[in-house]
Amino acid sequence: MINPNVEIFETTLEKVVEDIKNWYDYKKYHYVTINGVDEGGKLRIDWIFADYNEKNKMYVFRVTDVSFDTLIPSIANIIPSAWMAEWELRDMFDVEVENTQKGIFIKDPNIVAPLRKDK
Amino acid sequence: MGNKIVVPFGSQHIALPEPVSFLFDTKNEIITNVKVDVGYVHRGIEKAAITKFEFTNVSYLLTRICGFCSITHAGGYHHGIEKLLDVEAPKRAEYIRLIITELDRIHSHLLANAHVAEVAGYENLFMQGVKDREIVMDLLENITGNRIQYDIYTIGGVRRDISKETAEYIKKQLLKLKDKVLKVYDFYDTDYTFGLKTKGISYISLDDAKKYNVVGPIARASGLATDARAEFDYLPYDEVGFEIQTRTEGDVWARNIVRQMEVIHSIDLILRAIDNLPEGDIKVKYKGRPKGETFVRVEAPRGECFYYLKGNGTKVLERVRVRVPTYSNIPILKELFVGEKYSDAQPIVLSFDPCMSCTAR
Amino acid sequence: MGFFSKFRKKSPWILHYNTGGCNGCDIEILATLAPKYDIERFGALNRGNPKQADILLVTGPVTKNCRDVLRRLYLEMPEPKVVVAMGACGHGGGVFRHLYNVENGVDNIIPVDVWIPGCAPNPRALIDGIVEAIKIWEKKSKDKEYMKNHSKEMIKNLGVNDD
Ligand code: SF4
């Protein structure tokens, strides 16, 4: 069961930056975070937004079936505070994200992708 | 003119209760560039929450993400898991949760303000703030049995009830606290030298606050009225008459004032909640295993805290994602330093009230 | 006991470092410095400088990123020194035991003299621990049971290279 007020936009990895760019208005919406979920060998990524004015309303841009060796586009040009979540995504799942560096949280080279189920 | 000098701040520093390290490039005392390292306290809690703990116990791990906002993490988790299990806590339990959450906010805000005062050079004010805070700690110990990690939430209710005598005691103590807080508020508001050290420092405009998605008292000090207590339904805040507190100055001073205003408002909220405490059970039974996914937003002392939970019908959850307030305030904090004096760096950091164990988890 | 040790025992200075616990214990340390519990009665002050400190107060389970900082702080303190591990997660990791980025307790990194139990410990327990630490400090300084200089092997064991 998912909260009824969450609106989910299914999209693809190529289109997601374009979609967010067209939709996002920093005066109205509030970027929350980027979230990755390992769905058995494939990654699902959610870009999560909230609304300043409407109660309980949230918006999710969802891309499913991302394999772990594709390059994930960055939205830091549109939302300047998104870089932290992107760096974390890279550390936690060992995926390549545009314009990021390794090691914001995990500095030990022996620990690789803790949130992946196969590692 | 002047050479470039690199000044480290942290990870171990007298003004910092937690390890975080800033490397400031300075030129004639003006900061020109800054590097931050926020990962010192990364423990891997999100991983442990989906491998080591069952959903009934994982809240004990999640509350230990942070000592200040332990009740927020308990709240974020329980409001989510209750949706997944389809149980609803009784009214009385919700009110008790609200009371504890607000008491927690009071003690966190008082300490944060005291800290800013200390690094601005007011050690006595720090002592005064922490002394007032002891009243709240005393109340928390009285209600829940512990001073820091309360663990009062359980799935479907709360662990302990508030008796009639305790309710009276809380009211008496809070009225006492309100007088003291108002006195300190007056000082923050009117003192000239305190203003010199804090007014106009690290200004955030309303536009910047929106662009960078700033949350919490820092956003509200810039006039951005965002508060998860008003934007998300999780505790009966409407019924006790919650209002968002904002200022428009957007500097270190305004952040202190907003926090102080929130303390006073929280005291009012608790007093109203205690007067209208409904009768009834404090706990209901639940059945089944969590299945599905849910998004939760709750208001921590430092701003909005976001929880994402996904269950798959087994005892262990499939994904727990925590996005804490400091996490979304770090990007603007990094931008703010450039152009400020090095001597102001400490008040700036502490006016953000950064919580590193939350950020790194 | 040397001339200065007499005075140092009256005023042990504390160095506090959080190695990755929740900050619950650190809040309690601040509360203990403040008027209600007032650890200054025992002369103890919280100073952020390892070179002047007598007691190292460590909270948290020691994350991998903090490990080297903790070792360096320990080595930079002058002898005799006492290490106090505060809180359940300092004792073998507590709730964080065996997480992937955690070293399971303070005594895996540096030798510990006093343990303060609780999560979070009450300020009264903390005061008790500090008083105990002062006693141990006195004994250490009487017996001179410490190395004047760290030998090469010890430094190697602790895994720190001077910079
Ligand atoms: S012992 Fe408990 S309160 Fe103290 S730092 Fe560890 S988890 Fe936090």
Task: Extreme residue, farthest from the other protein chains (Cβ to nearest Cβ), among residues of region A:1-52 that are closer than 17 Å to residue A:78 by Cα and of a type in the set (Lys, Arg) - done: A:15
Open item on the list: Please count how many residues of region B:306-361 are farther than 27 Å from residue B:296 by Cα and either at the interface with another protein chain (Cβ under 10 Å from one of its Cβ atoms) or among the charged types (D, E, K, R) (or both).
Closed with: 5
- [ ] Working only within region C:80-90, note down all residues that are within 15 Å of the ligand (Cβ to nearest atom) and touching a residue at least 40 places away in the same chain (Cβ under 8 Å).
- [x] C:84, C:86, C:87, C:89, C:90
- [ ] Report, by residue number, each residue of region C:91-126 that is within 24 Å of residue A:104 (Cα to Cα) and either of a type in the set (Asp, Glu) or within 7 Å of the ligand (Cβ to nearest atom) (or both).
- [x] C:95, C:103
TODO: Tell me which of these residue C:34 doesn't satisfy, since it passes every other one: (1) within 16 Å of the ligand (Cβ to nearest atom); (2) at pLDDT below 85; (3) surrounded by 21 or more Cβ atoms within 10 Å (Cβ to Cβ).
DONE: (1)
TODO: Return the residue satisfying two criteria in turn: it lies in region B:152-180 and is within 23 Å of the chain's Cα centre (by Cα) and surrounded by 19 or more Cβ atoms within 10 Å (Cβ to Cβ), and of such residues it is farthest from residue B:92 (Cα to Cα).
DONE: B:177
TODO: Please indicate, with yes or no, whether at least one residue in region B:275-287 is assigned to a helix (DSSP H, G or I) and either surrounded by fewer than 22 Cβ atoms within 10 Å (Cβ to Cβ) or among the aliphatic types (A, V, I, L, M) (or both).
DONE: yes
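Please return the ranges of helices (runs of 4 or more DSSP H) entirely within region B:173-255 where 3 or more residues are within 21 Å of residue B:97 (Cβ to Cβ). Steps first, answer last, please.
Details: elements: B:192-198, B:206-211, B:216-221, B:228-231.
Once the helices (runs of 4 or more DSSP H) in region B:173-255 are filtered for at least 3 residues that are within 21 Å of residue B:97 (Cβ to Cβ), what remains is B:228-231.
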Task: Selection from region C:81-102 of residues that are out of contact with any Gly (no Cβ under 8 Å at 6 or more places or on another chain) and more than 10 Å from every other protein chain (Cβ to nearest Cβ) - done: C:81, C:82, C:83
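Given the options B:169, B:95, name the one that is in contact with a helix residue (DSSP H, G or I) (Cβ under 6 Å, 6 or more places away or on another chain), more than 14 Å from chain C (Cβ to nearest Cβ), under 20 Å from residue B:268 (Cα atoms) and assigned to a helix (DSSP H, G or I).
Numbers: B:169 fails: in contact with a helix residue (DSSP H, G or I) (Cβ under 6 Å, 6 or more places away or on another chain).
Sole residue among the options that is in contact with a helix residue (DSSP H, G or I) (Cβ under 6 Å, 6 or more places away or on another chain), more than 14 Å from chain C (Cβ to nearest Cβ), under 20 Å from residue B:268 (Cα atoms) and assigned to a helix (DSSP H, G or I): B:95.
So, in region B:248-261, of the ones that are crowded, with 16+ Cβ neighbours inside 10 Å and out of contact with any Lys or Arg (no Cβ under 7 Å at 6 or more places or on another chain), which residue ends up nearest to residue B:344 (Cα to Cα)?
Step one: list which residues in region B:248-261 are crowded, with 16+ Cβ neighbours inside 10 Å, which gives B:249-261.
Okay, now just the ones that are also out of contact with any Lys or Arg (no Cβ under 7 Å at 6 or more places or on another chain), so B:249-250, B:252, B:255-256, B:259-261.
Details: B:249: 17, B:250: 16, B:252: 10, B:255: 15, B:256: 15, B:259: 20, B:260: 21, B:261: 24 Å.
Filtering region B:248-261 for residues that are crowded, with 16+ Cβ neighbours inside 10 Å and out of contact with any Lys or Arg (no Cβ under 7 Å at 6 or more places or on another chain), the one nearest to residue B:344 (Cα to Cα) comes out as B:252.
The values are calculated or read from the model by the stated rules, or taken from the named source; none is laboratory data. Predicted, not measured: the structure shown is a model, and the values here were computed from it. All Cβ positions, glycine included, derive from the backbone under ideal geometry; neighbour counts span all protein chains shown.
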